[in-house]
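Novice: First the structure, then my questions, so here it is.
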Amino acid sequence: MTSTGGFVSETGSLRAGPFDLGYTIEGRGMPLLIIGSTIYYPPTFSWKLREKLGLIFVDHRGFAPARTEYASGDIGFETVLTDIERLRAHLGLERFAILGHSGHGYMALEYAKRHPGRVTRVVMVGTGPSHSARHMALADQVWEETVSPERKAIFERDMAALGTDIAARPEDRFKSLLIRLGAKSWHRPDFDAAPLWLDVTVNNAVFDHLWGEVFRDIDIRKGLSTLKAPVLLALGRSDYLVAPASTWDEYRGNFADLTVRTFEKSGHTPQLEESELFDEVLLSFLGSRPGCG
């Protein structure tokens, strides 16, 4: 254990097939399991949250170092969900809230469907209903019809440099893409996200499969009837990476308990862009209904 920002921080890893899945525990209080990278995600959440919650950051296979070569059978969605259960058991978690940002929101939701007795709350941040062609076309339509010429100019400038980035570091093509998509990702279109990605392991094949295929075809309605835990959907007004908030309307009736909150001065990552308001909304949601123990 080490001391970070005044809090005890515990780190470790769990071997899962070819991968070493890292975990980091920071803070105290109600456990909140956050799926994604144990390097990228901790800096995006405020230190004040650590005073109220025990934040448990866990890697999935897209962000985990691989000790050996891996095949397509090692990176399926069901395998990723099984890994979350492995980590839960390894960490001794009994009842907890779960959070997923962007595509990780699907992981959080699908895990909760499969383990309703474990999950008290589900939080999806910056997640669209799917990455289908229809939903992505609607995102493009909002971009074309509502975005300022200044933001579009920044986007064109940054995308023009993407090819050079990938040619120089092909192994970092996913990271390079997300950094260059800043005008679609952040409320402030010239925000430089590169420091957040330093030292982050990215397995491109995992993202190609999950983001390019699984989340393209996903139907989140399946299995929702088993999920009684309240769900918070946190969206940024300036998020042009995913389908617009209005696309969630046709799904609302499928949730037993859904709260939707739009952050007016955020893009894809409201927990960082409007951290104080995000903390308030999150803590209120986690403590506002029965079953959060």
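Every read-out reported here was derived from the displayed coordinates using simple, explicitly stated rules and does not represent laboratory data. Model, not experiment: these values are computed from the prediction. Note that we place each Cβ from the backbone using ideal geometry, even for glycine, and neighbour counts take in every protein chain shown.
Novice: Cα centroids of the range 163-195 and the range 231-260: how far apart, whole angstrom?
Specialist: 25 Å
Novice: Can you list which of the GluC sites (Glu not before Pro) found in the range 205-288 are DSSP loop residues with at most 14 other C-beta atoms within 10 Å?
Specialist: GLU264
Novice: If the cut-off is a Cα-Cα distance under 17 Å, which lysines reach LYS184, setting aside same-chain residues fewer than 8 apart in sequence?
Specialist: Hits, sequence-local ones excluded: LYS152, LYS175, LYS265.
Novice: By how many nm would the segment from ALA256 to MET159 grow when fully extended, if each residue of separation counts as 0.36 nm and the alpha-carbon distance is taken off?
Specialist: Full extension from ALA256 to MET159 adds 30.8 nm.
Novice: Tell me, in nm to one decimal, what length is gained between LEU198 and MET136 on full extension, where the rule is 0.36 nm per residue of separation less the Cα-Cα distance?
Specialist: So the extension gain works out to 19.5 nm.
Novice: Further question on the same structure: Please list, short to long, the whole-number percent of alpha-carbon pairs of the range 120-245 in consecutive 5 angstrom bins beginning at zero.
Specialist: Calculated over all Cα pairs of the range 120-245, the distribution is 2, 10, 15, 19, 21, 17, 9, 4, 2, 0 percent.
Novice: Over the range 115-209, what relative contact order in percent results from Cα pairs under 8 Å that are six or more residues apart?
Specialist: 21 percent
Novice: Considering the options THR11, ILE75, LEU138, tell which one lies farthest towards the positive end of the dipole of the chain, charges being +1 on Lys and Arg and -1 on Asp and Glu at the Cβ, about the Cα centre.
Specialist: Most positive-ward Cα: THR11.
Novice: Could you please rank HIS115, HIS187, placing first whichever residue has the fewest other Cβ atoms within 10 Å of its Cβ?
Specialist: Ascending Cβ contact count within 10 Å gives the list HIS115, HIS187.
Novice: In the range 1-101, which trypsin sites (Lys or Arg not before Pro) are in a loop and have at most 16 other Cβ atoms within 10 Å, using DSSP for the loop call?
Specialist: Those that pass, being in a loop and sparsely packed, are ARG28, ARG67, ARG95.
Novice: Which value, in debye to the nearest 20, gives the size of the charge dipole of the chain about its Cα centre, when Lys and Arg are +1 and Asp and Glu are -1 at the Cβ?
Specialist: 780 debye
Novice: Multiplying the sequence separation of GLU280 and SER72 by 0.36 nm and subtracting their Cα-Cα distance, what value in nm do you get?
Specialist: The span from GLU280 to SER72 would gain 70.8 nm if fully extended.
Novice: Could you pull out the GluC sites (Glu not before Pro) across the range 10-83 that fall in loop regions by DSSP (anything but H, G, I, E, B) with no more than 14 other Cβ atoms inside 10 Å?
Specialist: GLU69
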